[in-house]
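**Student:** Before we start, here is the structure in question, set down as structure tokens.
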Amino acid sequence: MNTKKILTETETAVKKERERVSGILVHPTSFPSPYGIGDLGPGAYDFIDFLGKTGQHLWQVLPLGPTGFGDSPYQGFSAFAGQPLIISPDKLMEMNLLKAEDVEEIPEWDPRRVDYGPAIQFKTALLKKAWAAFAHTPDKTLLEEFEAFCDDEKDWLDDYTLFMACKDCHEGRCWIEWEEEIRTPTQETKELWREKLAESINYYSFIQFIFQKQWMELRDYAHEKEIQIIGDIPIFVAYDSADVWAGKKLFQLDTKGHPTSVAGVPPDYFSATGQLWGNPLYDWDYHSETGYQWWIRRISRQLTLTDYLRIDHFRGFEAYWSVPAGEETAINGQWVKGPCEDLFLAISRALGSDLPIWAEDLGIITPEVEHLRDQFDFPGMKVLQFGFGDMNDHNYIPFYYTTPNCICYTGTHDNDTTMGWYAEQPEVVRDRVRRMGNTDGNAVSLDFIRFCMGSIAKYAIFPIQDLLVQGSEARMNTPGVAAANWAFRYTQEDLTEDRARWLLSTTELFGRS
């Protein structure tokens, strides 16, 4: 992977960007599609067209990796691989890898919710058919592209495909439950298992090839419309992932592969026991010894797919909350110093000095975290709901912003929709919103979009639910609640001409088009 070339192209795009821009946050799973879950097909291209005609220049997504139990994009099987579920069957038909009769009997899906269980079964069956067709394709160019992809991406693809094939062989169980031979394999053992599971490995390689091909075509289409994509990665990775299985030295694990300490956040106003995330923590000393190569590869990979990269829980690079493994809550954790600027200096040396990174700096942020963010000129996040909800916190209210180098959000994927949030606020908060916005509050999410647009923030981002003036039923995620998350979808009919005209005029009014 030519990392220098990747960042040179990204830097060129960034230098051409406008001084004030705005855009929409929506994950591909939310796009309209007849196949039970949003994908990279016509619904995605229609969305890009909508962005273009409304004067938007940014599209923000959630992490694009393959999801596991709970369907959370923040708990993926790989920090490098793509999500098979958003591969478009329509695009596969264009490639002659599916036939029309393959999709004749489509279940009747809820157009506004993803039902992950049946959707996974349906989409996987289609992908298996496409793989069978690919095995007999006469398209030599496609075969050559596949071979080139496997060669170019082998530094992560080989371990990921073996990991997924082994999961299938072990009925989906976590790698720590596999037999010792493959739980902690030597290189020789890996090769033996690659021969044993060759068909399954080739299938997973094909899926990643198709994902990347479809994604890059969509990305190029967005660029033609002068739209840049903001990617997203969680700071930590899932324990049941190819990253931990194949790179145990990178994490704080014991000799048997069990975590010695796990990630979380301490008790605060929202939770008396804190949050116990359970992700394995990094062995930062080992990362330092290797020149942070894993992180360089991770950032480089994501910046081949997107133009910017938002890093979730940025404060963990300065100091992270370490909880002894086996604890039932996060109470008995402690703050441990992170890699701080050493990590980003290493990434800058490898990929270029102007890293297009956005810092998720929400929550209790110390001066040390702010210094780390500002040292590399990373824009931080300003979420309007936080400012209006806390009568004493001016940091998130646009009238108090002190720098344009930030992103103003109405809300994020973890917040309720603005309409839902407003409905649950005490009257004193609703009154404050109405008086500050000179509004009756009947479409408060549109008022918040105007707040964002009119702020000095260089970037203004709003979830599509707020543009559509939707309530709590359209919420994407409720932190701490295990079920019924990540399921939101919208329909093509929601993107009305009236809404498009309003967004374009508002964007032009505040100089963001």
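**Student:** Among 472-484, 225-237, 321-333, how do they line up by average Cβ neighbours within 10 Å per residue, starting with the highest? Before the final figure, lay out the partial values.
**Tutor:** Details: 472-484: 14.4, 225-237: 21.2, 321-333: 16.7.
Output ranking for 472-484, 225-237, 321-333: 225-237, 321-333, 472-484.
**Student:** Could I have the simple spin-label model distance between H136 and E199, label points 7 Å from Cα toward Cβ, reported in nm to one decimal?
**Tutor:** Distance between label points: 1.5 nm.
**Student:** Here's another thing I want to ask about it. With Kirkwood's inverse mean 1/r over C-alpha pairs for Rh, give me the Rg to Rh ratio of region 375-446, two decimals please.
**Tutor:** Ratio of gyration radius to Kirkwood radius: 0.99.
**Student:** Also, quick follow-up: To two decimal places, what compactness ratio does region 338-380 give when its Cα radius of gyration is scaled by 2.2 N^0.38 Å?
**Tutor:** On the way: Rg = 10.4 Å, N = 43, 2.2 N^0.38 = 9.2 Å.
Normalised Cα radius of gyration, region 338-380: 1.13.
**Student:** Mark the label point 7 Å from the Cα of T184 along Cα→Cβ and return the residues of region 208-246 whose backbone N is within less than 19 Å of it.
**Tutor:** 239-246
**Student:** Something else now. How about the chain: what cysteines have no other cysteine beta carbon under 4.7 Å from their own?
**Tutor:** Those would be C150, C166, C169, C174, C340, C406, since no other cysteine Cβ in the chain comes under 4.7 Å of theirs.
**Student:** From the convex hull of the Cα coordinates of the chain, what is the mean projected area in square nanometres? If you can, show how the numbers build up before the last one.
**Tutor:** On the way: hull surface 93.7 nm².
Averaging across all directions leaves 23.4 nm² for the Cα convex hull.
**Student:** Using the Kyte-Doolittle scale, which helices in the chain average at least 0.0 and also have C-alpha atoms spread 20 Å or more along the helix axis, with helices defined as whole DSSP H runs?
**Tutor:** Numbers: long enough: 116-134 (26 Å, 0.35); 154-169 (22 Å, -0.35); 198-224 (39 Å, -0.55).
The answer, listed by residue number, is 116-134.
**Student:** With every protein chain present, what is the per residue accessible area of region 13-116 (1.4 Å probe, Å²)? Write down the numbers at each step before the final one.
**Tutor:** Details: 3840 Å² over 104 residues.
Per-residue value: 37 Å².
**Student:** Sorted from largest down, what three extents in whole angstroms do the Cα atoms of region 142-243 have along their principal axes?
**Tutor:** Sorted largest first, the three principal extents are 51, 34, 22 Å.
**Student:** Expressed as a fraction of 2.2 N^0.38 Å, the rule-of-thumb size for a compact globular protein of N residues, what is the C-alpha radius of gyration of region 346-417? Before the final figure, lay out the partial values.
**Tutor:** Numbers: Rg = 13.7 Å, N = 72, 2.2 N^0.38 = 11.2 Å.
Dividing the Cα Rg of region 346-417 by 2.2 N^0.38 Å gives 1.22.
**Student:** Lys/Arg Cβ at +1, Asp/Glu Cβ at -1, dipole of the chain taken about the Cα centre: which of A125, A81, Q470 is farthest positive-ward?
**Tutor:** Checked the options; the winner is Q470.
**Student:** For every helix of n ≥ 4 consecutive DSSP H residues, a contribution of -39,500 (n - 2.57) applies; sum these over the chain, divide by its total residues, and give [θ] at 222 nm rounded to the nearest 500 deg cm²/dmol.
**Tutor:** Values: 20 runs with 216 residues, N = 513.
The helix-only estimate for the chain comes to -12500 deg cm²/dmol at 222 nm.
**Student:** Report the FRET efficiency, 1/(1 + (r/R0)^6), for S472 and D498, where r is their Cβ-Cβ distance and R0 is 25 Å, rounded to 0.05. Provide the component values of the computation, followed by the final result.
**Tutor:** Working: r = 23 Å, r/R0 = 0.94.
Efficiency, from the Cβ-Cβ distance: 0.60.
**Student:** Could I ask something else about it? According to a simple spin-label model (label point 7 Å from Cα along Cα-to-Cβ), what is the distance in nm between W335 and R430?
**Tutor:** If labels sit at R430 and W335, their model points lie 3.9 nm apart.
**Student:** Quick one: 3J(HN,Hα) in Hz for region 473-479, Karplus 6.51/-1.76/1.60 with θ = phi - 60°, rounded, Gly and Pro as x.
**Tutor:** Once θ is set to phi - 60°, the couplings for region 473-479 become 4, 9, 4, 7, 8, 10, x Hz.
**Student:** Keeping the other protein chains in place, figure out the carbon and sulfur percent of the accessible area of region 404-454, with a 1.4 Å probe. Mind dumping the intermediate values first?
**Tutor:** Numbers: 870 of 1900 Å².
Looking at region 404-454 in its full context, I get 45 percent from C and S.
**Student:** If you stretched the chain out fully between A325 and T491, how much longer would it get, using 0.36 nm times the residue separation minus the C-alpha to C-alpha distance?
**Tutor:** Residue separation times 0.36 nm, minus the Cα-Cα distance, leaves 55.4 nm.
**Student:** Using a 1.4 angstrom probe on heavy atoms only, work out the carbon and sulfur share of the accessible area of region 183-261 in %. Kindly include the intermediate steps, with their values, before the conclusion.
**Tutor:** Numbers: 1630 of 3260 Å².
Answer for region 183-261 is 50 percent, counting heavy atoms of protein chains only.
**Student:** Working from the pairwise distances between different alpha carbons, so that the mean of 1/r is found and then inverted, what is region 471-513's Kirkwood radius in Å? Mind showing how you got there, number by number?
**Tutor:** Working: mean 1/r = 0.0770 Å⁻¹.
For region 471-513, the Kirkwood estimate is 13.0 Å.
**Student:** Can I ask one more? Considering only the chain, what is the antiparallel percent among its DSSP beta bridges, to the nearest 5? Each step should come with its number before you reach the end.
**Tutor:** Values: 15 of 41 bridges.
Antiparallel bridges make up about 35 percent of those DSSP assigns within the chain.
**Student:** For region 311-368, give the percent of accessible area contributed by carbon and sulfur heavy atoms, probe 1.4 Å, rounded to a whole number. Could the numbers behind the result be given before it?
**Tutor:** Numbers: 1220 of 2450 Å².
Using a 1.4 Å probe with all protein chains present, region 311-368 comes out at 50 percent carbon and sulfur.
**Student:** Kindly provide the pair-distance distribution of region 362-513 built from C-alpha pairs, with 10 Å bins from 0 and whole-percent values in order of increasing distance.
**Tutor:** Per 10 Å bin, starting at 0, the Cα pair percentages come out as 10, 38, 36, 15, 1.
**Student:** If you roll a 1.4 Å probe over the heavy atoms of the protein chains, what accessible area per residue do you get for region 343-464, in Å²?
**Tutor:** Details: 4820 Å² over 122 residues.
Ligands and nucleic acids excluded, the result is 39 Å² per residue.
**Student:** Same structure again: Tell me the chymotrypsin sites (Phe, Trp or Tyr not before Pro) within region 65-110 that lie in a loop according to DSSP and have at most 14 other beta-carbon atoms within 10 Å.
**Tutor:** Numbers: sites: F69, Y74, F77, F80, W109; in loops: F69, Y74, F77, F80, W109.
Answer by residue number: F69.
**Student:** Further question on the same structure: Grab every C-alpha pair in region 303-354, bin the distances at 5 angstrom width from 0 up to the longest one, and report whole percents.
**Tutor:** For region 303-354, the pair-distance distribution reads 5, 16, 17, 21, 16, 9, 9, 7, 1.
**Student:** Based only on Cα atoms, what mean projected area does the convex hull of region 67-167 have, in nm²? Write down the numbers at each step before the final one.
**Tutor:** Values: hull surface 30.7 nm².
Average of the hull's projected areas for region 67-167 equals 7.7 nm².
**Student:** Check W358: other-chain or 5+ apart residues with amide H under 5 Å from its amide H, H built from backbone geometry?
**Tutor:** When sequence neighbours closer than 5 places are left aside, the close amide H contacts are L309, R310, I311.
**Student:** Measuring from a point 7 Å past the Cα of D115 along Cα-to-C-beta, which residues in region 24-38 have an amide N at less than 20 Å?
**Tutor:** Within reach of a label on D115: 29-38.
**Student:** Something else: Please work out the ratio of the alpha-carbon Rg of region 260-318 to 2.2 N^0.38 Å and round it to two decimals. Provide the component values of the computation, followed by the final result.
**Tutor:** Details: Rg = 14.6 Å, N = 59, 2.2 N^0.38 = 10.4 Å.
So region 260-318 has a normalised radius of gyration of 1.41.
**Student:** Something else: Once the Cβ-Cβ distance between E94 and D152 is put in as r, and R0 is 30 Å, what FRET efficiency do you end up with, to the nearest 0.05?
**Tutor:** Working: r = 23 Å, r/R0 = 0.78.
Step by step, r from the Cβ atoms, then E = 0.80.
**Student:** Hey, any idea what Rg/Rh is for region 21-81, computing Rh the Kirkwood way over Cα pairs?
**Tutor:** Values: Rg = 13.0 Å, Rh = 12.7 Å.
Expressed as Rg/Rh, it is 1.02.
**Student:** If you don't mind, there's one more thing I want to ask. Could you give the accessible area per residue of region 153-290, probe 1.4 Å, as a whole number in Å²? Display every interim value, and only then the final one.
**Tutor:** Numbers: 6040 Å² over 138 residues.
Averaged over the residues of region 153-290, the accessible area is 44 Å².
The values are calculated or read from the model by the stated rules, or taken from the named source; none is laboratory data. Remember, predicted model here, so these are calculated numbers, not experimental data. Virtual Cβ from ideal backbone geometry, glycine too; neighbours counted across all protein chains shown. Just so you know, the surface numbers come from the protein's heavy atoms only, side chains and all, with ligands and any DNA or RNA stripped out. Shrake-Rupley method; radii C 1.70, N 1.55, O 1.52, S 1.80 Å.
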